[in-house]
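These notes are about the structure you will find just below.
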Amino acid sequence: MRVTDTHDNILNGSPSEKIPFWFDPRKRAIIYQIGVFCLVGLLAYYLVNNTLLNLKRQSIATGWGFLHKESAFEIGEHLIPYSAADTYSRALVVGALNTLKVSFVGIVITIFLGTFVGIARLSNNWLVSKLAGIYIEVMQDIPILLQLFFWYSLFYEFFPSPGQALSPIQGVFICNRGLILAVPEAQTAYKFMLAAFIVGCAGVYFLRRWARRRQAESGRIFPVFWVSAGILIGFPLITWLSFGAPFKLSIPELQGFNFKGGMTLSPEFIALLLGLVLYTAAFVAEVVRAGIQSVSKGQREAAMSIGLKTGQVLNLVILPQALRVIMPPLTSQMLNLTKNSSLAVAIGFPDFVSVANTTINQTGQSIEGVALIMAVYLIFSLSTSVFMNWYNKKVKLVER
Amino acid sequence: MENVLQQQQPEKIKPPVTHIGLVGWAKANLFNGWFNSVLTVVTLLLLYKTVPPLIRWAFINAVWKSAGTGCREATGACWSVISANYRFIFFGFYPYDQQWRPLVAMLLLFGLLFYSRNRHHWNKYLGYGWIAGLFVMGFLMKGGFLGLTSVESTKWGGLPLTLLLSVFGLTAAYPLGVLLALGRQSEMRGIKVLCIVYIELIRGVPLISLLFMGSIIFPLFLPEGVTINKILRAQIAIILFTAAYIAEVVRGGLQGVPRGQYEAAESLGLNIYLTMRLIVLPQALKIVIPPTVSILISAFKDTSLVVIIALFDLLKTTQTVLSNPKWLGFSREAYIFIALLYFLGCFSMANYSRKLEKELATDN
């Protein structure tokens, strides 16, 4: 009787006996948290205090003033104009843009290569499937840094000097100065073509929306794919023709000890890109394979039994479901590629980490430098995860 | 009559030759449909173009044993860059006559790993064995007692350093990772936020930035007069990094334990500590064994990044050999050899992980 009494009282929140506070989980939790925060705070205080003392003793001035000083070092590759007379902050921006450049190009190629290898792994052709399997296994099991060194060493040891450059295809040269490609010369028409392409993209977006709504209302299917392809290719093509079809190839030619004309991709860039793409593609292939396998066979059979054509089965039934599984791990692989691009510092490609490292060495501002590196990568990852959360919510399975 | 029938029966009609044996297999797996046939032919052609020259380069025309000069004329690979320098590649600057010590330490590690392969050997004593083994390995490397001369850790290098960084890194990061995972699942908001911030912060930045922090900033954190050597600083960076990834894996395991298990434990009157120790963690940690092996593989590969802060791991010792004018120009051979070592290590671990996954899946 008495037991139930107390029990009721506790439930009602009015204890007849006073309960010591350490038996109350809520109060205990507060005490724990205060304890943990005190410990963390103490540790932080200890470290910061030591750091400040050390900085004072070594007479290192902290602060971001160094960003406005002249950098006095050259950067081999830059997307925006840069010279050694510019400030450190500009040098860091150049580095960040280089990171973005190699990551973006790498991600695009990786997705294509990874999807290709992933599908090859699922092929019912034994030879192709096994080769894809070997590729995946080998590339995943060799450290990316080692791969970078390997590709880079090909350039400075294996490929000849520009004089004896290898030319596998006409207009393409490989030598120890990098990969030199014939590219079309810049024309004003190209800018307008780009604009036409962007307009085309917008047009396709609205066309898709319209087609989808019309299909939902009337059931009639609009050939979106072919019309979109027509718009995307047609718009720039018409622009190009209306400018009188200007076209002139800039063909690289050997002059003295180096190539003139064309586009030169530096050995560092190629090695970094090659390493990142080949390494990450192996992981992406596994992701793609798992995604495709996750769609059950019944889905395909059901789609076919209601009379969809093969393309429609893939487009409307298989891909949307596979993509839902593929996207999250795919994004994390893309982030991995971006983070791994920081290894550029080891082969001398001027990415953000490499430029920051030079800055640290020249100015001695190690804390600010490392903080900058971390901040830049955090911005990349956090913005990606914000986007991913939005996307996941959008494609989330609507359960009834 | 019956007899006659029975005698006739064993003479079964064999399936046509195109459906069995090698031909049948090839037809089913390589030449089903025109597309696959074309694919097979093209692939075979590509293999024919690439594989024989590679074999000629790597084996037939290769030089296996020579001092640098013999390699210069050879048309094949120069494997003597390995055979002439393997002691340095494996052990770095460790005193030459003492190199049996890291060798014994590595053998001890491999022995322990090999013994732990079998799941039936997993018990408390194996755990103690590992702790003792790790200490013995450390003492063997360090020396300074029982007549072993002391070897400064600045001279450690090569494969032992690579293994040391990854195995110690994982061992030390594991408890931290479990704590972080529990913190992230905790109902105490403050602790939860703290853990989330730590995990996401670390997972958002590349390992190299942490290694930079370890090598450049860490000395500033310590009071005057206290110094930690370079290897330990890299080790701490690796531990802090790995712990965040372990935390995420363990969180997956914690979420994999059915809700009913928590409730059952609570209804038995177990407090949160006992619930975790006796009910939840044993199940969760069992689920996460295969992904933990993947983390070990990553850690093993990632230790190669210490090259950038100039520690002499396997990759750096190889590069040191390659910078010797005598061996200049044989990077491909050396890197392929190192890649092979890494591949063997990672591949066997990955295989083991897959096997384990299968075994554990049937047990449940």
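The values are calculated or read from the model by the stated rules, or taken from the named source; none is laboratory data. Here the structure is a predicted model, which means the values were calculated and not measured. Cβ placement follows ideal geometry from the backbone for every residue including glycine, while neighbour counts extend to all protein chains displayed.
Just name the residue that is surrounded by the fewest Cβ atoms within 10 Å (Cβ to Cβ) out of those in the stretch B:178-214 that are under 30 Å from B:T317 (Cβ atoms) and small (G, A, S). Talk me through it step by step, then tell me what you get.
Kept after step one, since they are under 30 Å from B:T317 (Cβ atoms), are these residues of the stretch B:178-214: B:202, B:205-214.
If we keep only those that are small (G, A, S) too, we end up with B:209, B:214.
Numbers: B:S209: 27, B:G214: 25.
The extreme case among them is B:G214.
Among B:T292, B:T317, which is the only one that is assigned to a helix (DSSP H, G or I), surrounded by fewer than 22 Cβ atoms within 10 Å (Cβ to Cβ) and assigned by TED's automatic domain parsing to the domain that holds B:L270?
On the way: B:T317 fails: surrounded by fewer than 22 Cβ atoms within 10 Å (Cβ to Cβ).
After applying the criteria, what remains is B:T292.
Would you point out the residue of the stretch B:339-364, among those that are of a type in the set (A, V, I, L, M, F, W, C) and over 14 Å from the mean Cα position of the chain (by Cα), that is modelled with the lowest pLDDT?
Residue satisfying both the conditions and the ranking: B:A361.
Tally time: how many residues in the stretch B:104-131 are farther than 24 Å from B:K286 by Cβ and without any contact (Cβ under 8 Å) to a residue 12 or more places away in the chain?
3
Filter the stretch B:227-252 down to residues that are within 14 Å of chain A (Cβ to nearest Cβ) and outside any helix (DSSP H, G or I) and give me whichever is farthest from B:V280 (Cα to Cα).
Checked the stretch B:227-252; the qualifying residue farthest from B:V280 (Cα to Cα) is B:T227.
Going by the conditions given, is B:T275 in a helix (DSSP H, G or I), among the hydroxyl-bearing types (S, T, Y), under 19 Å from the mean Cα position of the chain (by Cα) and more than 10 Å from every other protein chain (Cβ to nearest Cβ)?
Details: in a helix (DSSP H, G or I): yes; among the hydroxyl-bearing types (S, T, Y): yes; under 19 Å from the mean Cα position of the chain (by Cα): no; more than 10 Å from every other protein chain (Cβ to nearest Cβ): yes.
Answer is no for this residue.
I want to confirm something. Restricting to the stretch B:68-80 and keeping residues that are more than 33 Å from the chain's Cα centre (by Cα) and in a loop (DSSP other than H, G, I, E, B), which single residue is modelled with the highest pLDDT?
B:T75
Against the definition (modelled with pLDDT under 85 and under 30 Å from B:A28 (Cα atoms)), how does A:N54 come out, yes or no?
Taking the combined requirement at face value, the residue does not satisfy it.
Which one of these is touching a residue at least 60 places away in the same chain (Cβ under 8 Å), out of contact with any Pro (no Cβ under 8 Å at 6 or more places or on another chain) and small (G, A, S): B:A62, B:A28, B:A77?
Of B:A62, B:A28, B:A77, the one residue that is touching a residue at least 60 places away in the same chain (Cβ under 8 Å), out of contact with any Pro (no Cβ under 8 Å at 6 or more places or on another chain) and small (G, A, S) is B:A77.
Out of everything in the stretch A:28-51 that is within 8 Å of chain B (Cβ to nearest Cβ) and closer than 20 Å to A:L372 by Cβ, what residue ends up being modelled with the lowest pLDDT?
A:T51
Looking only at the stretch B:81-97, which residues are outside any loop (DSSP other than H, G, I, E, B) and under 20 Å from B:L165 (Cβ atoms)? Give the steps one after another, and end with the answer.
From the stretch B:81-97, those outside any loop (DSSP other than H, G, I, E, B) are B:81-83, B:86-91, B:96-97; that's our starting set.
Selection gives B:F88, B:I89, B:F90, B:F91.
Taking the conditions exactly as written (under 20 Å from B:L159 (Cβ atoms) and either out of contact with any helix residue (DSSP H, G or I) (no Cβ under 6 Å at 6 or more places or on another chain) or exposed (fewer than 13 other Cβ atoms within 10 Å of the Cβ) (or both)), does B:L103 satisfy them or not? First the steps, then the outcome.
Working: under 20 Å from B:L159 (Cβ atoms): yes; either out of contact with any helix residue (DSSP H, G or I) (no Cβ under 6 Å at 6 or more places or on another chain) or exposed (fewer than 13 other Cβ atoms within 10 Å of the Cβ) (or both): yes.
Spelling it out, B:L103 is indeed under 20 Å from B:L159 (Cβ atoms) and either out of contact with any helix residue (DSSP H, G or I) (no Cβ under 6 Å at 6 or more places or on another chain) or exposed (fewer than 13 other Cβ atoms within 10 Å of the Cβ) (or both).
Tell me, yes or no, whether the stretch A:256-264 has at least one residue that is more than 25 Å from A:A132 (Cβ to Cβ), within 14 Å of chain B (Cβ to nearest Cβ) and modelled with pLDDT under 85.
The initial filter retains those residues of the stretch A:256-264 that are more than 25 Å from A:A132 (Cβ to Cβ), namely A:256-264.
In the following step, the residues that additionally are within 14 Å of chain B (Cβ to nearest Cβ) were identified as none.
No, the stretch A:256-264 contains no residue that is more than 25 Å from A:A132 (Cβ to Cβ), within 14 Å of chain B (Cβ to nearest Cβ) and modelled with pLDDT under 85.
Does the stretch A:238-256 hold any residues that are in contact (Cβ under 8 Å) with a residue 40 or more places away in the chain and among the hydrophobic types (A, V, I, L, M, F, W, C), and which are they?
Selection gives A:I238, A:W240, A:F243, A:F247, A:L249, A:I251, A:L254.
Just wondering, is there one or more residues in the stretch A:185-193 that are in contact (Cβ under 8 Å) with a residue 60 or more places away in the chain and within 14 Å of chain B (Cβ to nearest Cβ)?
No, the stretch A:185-193 has no match at all.
From A:S89, A:S71, which residue is at pLDDT below 90, farther than 27 Å from B:C346 by Cβ and touching a Phe, Trp or Tyr at 6+ places or on another chain (Cβ under 6 Å)?
On the way: A:S89 fails: touching a Phe, Trp or Tyr at 6+ places or on another chain (Cβ under 6 Å).
None of the others qualify; the one that does is A:S71.
Any idea how many residues of the stretch B:307-339 are facing chain A (nearest Cβ under 10 Å), touching a Lys or Arg at 6+ places or on another chain (Cβ under 9 Å) and among the β-branched types (V, I, T)?
1
Looking at A:G163, A:G203, which is the one that is away from chain B (no Cβ under 14 Å), in a helix (DSSP H, G or I) and under 30 Å from B:Q319 (Cα atoms)?
On the way: A:G203 fails: under 30 Å from B:Q319 (Cα atoms).
Of A:G163, A:G203, the one residue that is away from chain B (no Cβ under 14 Å), in a helix (DSSP H, G or I) and under 30 Å from B:Q319 (Cα atoms) is A:G163.
Just to be sure before I move on: is B:P160 at pLDDT 90 or above and either surrounded by 20 or more Cβ atoms within 10 Å (Cβ to Cβ) or hydrophobic (A, V, I, L, M, F, W, C) (or both) in the structure I sent?
Numbers: at pLDDT 90 or above: no; either surrounded by 20 or more Cβ atoms within 10 Å (Cβ to Cβ) or hydrophobic (A, V, I, L, M, F, W, C) (or both): yes.
No; evaluated as a whole, the condition is false for this residue.
Would you check if A:S266 is in contact (Cβ under 8 Å) with a residue 60 or more places away in the chain, hydroxyl-bearing (S, T, Y) and surrounded by 19 or more Cβ atoms within 10 Å (Cβ to Cβ)?
Working: in contact (Cβ under 8 Å) with a residue 60 or more places away in the chain: yes; hydroxyl-bearing (S, T, Y): yes; surrounded by 19 or more Cβ atoms within 10 Å (Cβ to Cβ): no.
Taking the combined requirement at face value, the residue does not satisfy it.
Against the definition (outside any loop (DSSP other than H, G, I, E, B) and within 14 Å of chain B (Cβ to nearest Cβ)), how does A:L179 come out, yes or no?
On the way: outside any loop (DSSP other than H, G, I, E, B): yes; within 14 Å of chain B (Cβ to nearest Cβ): no.
No: the conditions fail for A:L179.
Can you confirm whether the stretch B:140-155 contains a residue that is in contact with a Phe, Trp or Tyr (Cβ under 6 Å, 6 or more places away or on another chain), farther than 23 Å from B:S304 by Cα and aliphatic (A, V, I, L, M)?
No, there is no match, as no residue in the stretch B:140-155 is in contact with a Phe, Trp or Tyr (Cβ under 6 Å, 6 or more places away or on another chain), farther than 23 Å from B:S304 by Cα and aliphatic (A, V, I, L, M).
Need the failing condition index for A:T62 against (1) part of a helix (DSSP H, G or I); (2) within 14 Å of chain B (Cβ to nearest Cβ); (3) more than 30 Å from A:P328 (Cβ to Cβ), just the number.
Of (1) part of a helix (DSSP H, G or I); (2) within 14 Å of chain B (Cβ to nearest Cβ); (3) more than 30 Å from A:P328 (Cβ to Cβ), only one is false for A:T62: (1).
Looking at A:L145, A:L154, A:L131, can you tell me which residue is in the same structural domain as A:N258 (by TED's automatic domain parsing), touching a Lys or Arg at 6+ places or on another chain (Cβ under 8 Å) and either in a helix (DSSP H, G or I) or not small (G, A, S) (or both)? Spell out the reasoning first.
Values: A:L145 fails: touching a Lys or Arg at 6+ places or on another chain (Cβ under 8 Å); A:L131 fails: touching a Lys or Arg at 6+ places or on another chain (Cβ under 8 Å).
Criteria check complete, one pass: A:L154.
Can you pull out the residues in the stretch A:118-141 that are within 7 Å of chain B (Cβ to nearest Cβ) and touching a Cys at 6+ places or on another chain (Cβ under 8 Å)?
If the condition is that a residue be within 7 Å of chain B (Cβ to nearest Cβ) and touching a Cys at 6+ places or on another chain (Cβ under 8 Å), then A:D141 is the only one that fits.
Spot the failing condition for A:V108; the list is (1) surrounded by 20 or more Cβ atoms within 10 Å (Cβ to Cβ); (2) free of Cβ contacts under 8 Å to residues at least 40 places away in the same chain, and only one is missed.
(1)
Take the residues of the stretch A:376-391 that are surrounded by 14 or more Cβ atoms within 10 Å (Cβ to Cβ) and either more than 13 Å from every other protein chain (Cβ to nearest Cβ) or of a type in the set (A, V, I, L, M) (or both): which is farthest from A:A91 (Cα to Cα)? Before the answer, list the steps.
Kept after step one, since they are surrounded by 14 or more Cβ atoms within 10 Å (Cβ to Cβ), are these residues of the stretch A:376-391: A:376-378, A:380-381, A:384-385, A:388, A:391.
Those left that are additionally either more than 13 Å from every other protein chain (Cβ to nearest Cβ) or of a type in the set (A, V, I, L, M) (or both): A:376, A:378, A:388, A:391.
Working: A:V376: 14, A:L378: 20, A:M388: 31, A:Y391: 34 Å.
If we take residues in the stretch A:376-391 being surrounded by 14 or more Cβ atoms within 10 Å (Cβ to Cβ) and either more than 13 Å from every other protein chain (Cβ to nearest Cβ) or of a type in the set (A, V, I, L, M) (or both), then A:Y391 is farthest from A:A91 (Cα to Cα).
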